[in-house]
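Enquirer: First, the structure itself, so that you have it in front of you.
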Amino acid sequence: MSNRLADKVAIITGATSGIGEATARLFIEEGAKVMIAGRTADKGEAIAESLGEHCAFQRADVLNERDIEALVDATVSRFGRVDCLFNNAGAPDRGSLETVTEEDFDYSLRLLLGSVVFGIKHAARIMKPQGGGVIINNSSIAAHRFGQGGYLYSAAKAAVSQLTRNAGVQLGPHGIRVNAISPGAIATPIFWGGSARANTLADEDNARKLEKLERNLARATPLPRSGVADDIAQAALFLASDAGSFINSHDLVVDGGRIAQFFERPAE
Ligand SMILES: NC(=O)c1ccc[n+]([C@@H]2O[C@H](COP(=O)([O-])OP(=O)(O)OC[C@H]3O[C@@H](n4cnc5c(N)ncnc54)[C@H](OP(=O)(O)O)[C@@H]3O)[C@@H](O)[C@H]2O)c1
């Protein structure tokens, strides 16, 4: 299938790696114009160039509301409107129950929850007068079960899932659908320190880590394979497209069955 996002304009945060990058590739294949964002300008510009004239990169640190505001405004200047915002940027959190500091708290909550709060605020500012749009928030199965993510990470993601339900009810009357995706274990650099650490390693090292991770995750998922970034991109496409036009305030778990029963398949 193709052109499921024909004439749509999307913003994807955290599109310099993993799930965001895979979603940008798929959205472009499906006919969208896509503004990708992240902090790593050289990577973001290279990805945008590889995706052609319908893709552009804007540097944005989602810890800052003004960067999010500028990202939304730059998208309107470049592509004329905003039909979809994927609030996807994220990283492993810092601190544990015993060691957590105020700095850890401020960082994790601003990154994982604040970015979604301010993304929704600035997307709604454009989508309301347009008469509609779609907002997708990347939550996690860590929002729903113990042991699937860090201490603050899990709490922030639970807040993202609830924020999604509330925002969908408030924005639904304006034709704006707000949904979350809760990915299970998806093989990306987030498992070895996030994109910031992956940027410090050679391509071969990152490729080796990804391969090993996929083997390990395949043993810890009821479906006998690891989740991959494209699994979440496909879910985002479904929610962003007209196929998802009656889905609002929903949190779509995409995890191969992992939260139904966590288990470990014996090594062969
Ligand atoms: N992989 C999984 O198993 C999994 C499971 C559940 C949920 N998720 C969620 O999926 C999302 C994407 O994660 P991923 O697995 O694709 O990880 P990833 O490969 O490490 O990618 C993370 C992305 O977030 C961006 N980012 C991090 N901090 C940022 C900041 N302050 N400002 C702007 N961008 C920032 C990074 O870009 P720069 O480094 O260029 O800034 C990068 O593009 C996250 O929200 C994560 O919590 C992942």
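The values are calculated or read from the model by the stated rules, or taken from the named source; none is laboratory data. This is a predicted model, so every value here is computed, not measured. All Cβ positions, even for glycine, are placed from backbone atoms using ideal geometry, and neighbour counts span all protein chains on display. These accessible areas exclude ligands, DNA and RNA; they are computed on the full protein's heavy atoms, side chains included. Shrake-Rupley method; radii C 1.70, N 1.55, O 1.52, S 1.80 Å.
Enquirer: With respect to the numbered conditions (1) of a type in the set (Ser, Thr, Tyr); (2) within 14 Å of the ligand (Cβ to nearest atom); (3) surrounded by 13 or more Cβ atoms within 10 Å (Cβ to Cβ), which one is the sole condition not fulfilled by SER241?
Expert: (2)
Enquirer: All but one of (1) closer than 15 Å to PHE238 by Cα; (2) under 17 Å from the mean Cα position of the chain (by Cα) hold for GLY18; state the number of the condition that does not hold.
Expert: Failed condition: (1).
Enquirer: Residue by residue through the stretch 118-138, note down the ones that are open to solvent by less than 40 Å² (accessible area, probe 1.4 Å) and assigned to a helix (DSSP H, G or I).
Expert: Taking the stretch 118-138 as the starting set, the residues that turn out to be open to solvent by less than 40 Å² (accessible area, probe 1.4 Å) are 119-120, 122-124, 126-127, 132-138.
Those that are open to solvent by less than 40 Å² (accessible area, probe 1.4 Å) and assigned to a helix (DSSP H, G or I): GLY119, ILE120, HIS122, ALA123, ALA124, ILE126, MET127.
Enquirer: Moving to a separate point now. Could you tell me whether LEU223 is open to solvent by less than 20 Å² (accessible area, probe 1.4 Å), of a type in the set (A, V, I, L, M), away from the ligand (no atom under 14 Å from the Cβ) and in contact (Cβ under 8 Å) with a residue 24 or more places away in the chain? So that I can check it myself, show each step before the final result.
Expert: Numbers: open to solvent by less than 20 Å² (accessible area, probe 1.4 Å): no; of a type in the set (A, V, I, L, M): yes; away from the ligand (no atom under 14 Å from the Cβ): yes; in contact (Cβ under 8 Å) with a residue 24 or more places away in the chain: yes.
So LEU223 does not fit the description; no.
Enquirer: Also, quick follow-up: Within the stretch 11-54, how many residues turn out to be in a helix (DSSP H, G or I) and within 19 Å of ALA91 (Cβ to Cβ)? Talk me through it step by step, then tell me what you get.
Expert: Narrowing the stretch 11-54 to residues in a helix (DSSP H, G or I): 18-29, 41-51.
Those still in the list that are within 19 Å of ALA91 (Cβ to Cβ) too: 18-24, 41-44, 47.
Residues flagged as in a helix (DSSP H, G or I) and within 19 Å of ALA91 (Cβ to Cβ) within the stretch 11-54 amount to 12.
Enquirer: Now, a different point. Answer yes or no as to whether ALA70 is open to solvent by 30 Å² or more (accessible area, probe 1.4 Å), within 14 Å of the ligand (Cβ to nearest atom), out of contact with any Leu (no Cβ under 9 Å at 6 or more places or on another chain) and under 23 Å from VAL178 (Cβ atoms). I'd like the intermediate steps shown before the answer.
Expert: Numbers: open to solvent by 30 Å² or more (accessible area, probe 1.4 Å): yes; within 14 Å of the ligand (Cβ to nearest atom): yes; out of contact with any Leu (no Cβ under 9 Å at 6 or more places or on another chain): yes; under 23 Å from VAL178 (Cβ atoms): yes.
Yes.
Enquirer: Identify all residues within the stretch 139-150 that are within 14 Å of the ligand (Cβ to nearest atom) and either in contact with a strand residue (DSSP E or B) (Cβ under 6 Å, 6 or more places away or on another chain) or open to solvent by 10 Å² or more (accessible area, probe 1.4 Å) (or both); write none if there are none.
Expert: Looking only at the stretch 139-150, we keep the residues that are within 14 Å of the ligand (Cβ to nearest atom), and these are 139-145, 147-150.
Listed by number, the residues that qualify are SER139, SER140, ILE141, ALA143, HIS144, ARG145, GLY147, GLN148, GLY149, GLY150.
Enquirer: Which residue pairs have Cβ atoms under 7 Å apart, sit 6 or more places apart or on different chains, and have a first residue in the stretch 150-171 that is under 14 Å from ASN87 (Cα atoms) and at pLDDT 95 or above and a second that is more than 13 Å from the ligand (Cβ to nearest atom) and part of a helix (DSSP H, G or I)?
Expert: LEU163/VAL117; ALA167/ILE120
Enquirer: Please give the number of the condition PRO92 fails out of (1) under 23 Å from ASP230 (Cβ atoms); (2) in a helix (DSSP H, G or I).
Expert: (2)
Enquirer: Continuing with this model, one more query. If you check ARG165, ARG208, ARG177, ARG265, which single one turns out to be away from the ligand (no atom under 15 Å from the Cβ), part of a strand (DSSP E or B) and not hydrophobic (A, V, I, L, M, F, W, C)? Working first, answer last.
Expert: Working: ARG165 fails: part of a strand (DSSP E or B); ARG208 fails: part of a strand (DSSP E or B); ARG265 fails: part of a strand (DSSP E or B).
Just a single option satisfies the conditions, and that option is ARG177.
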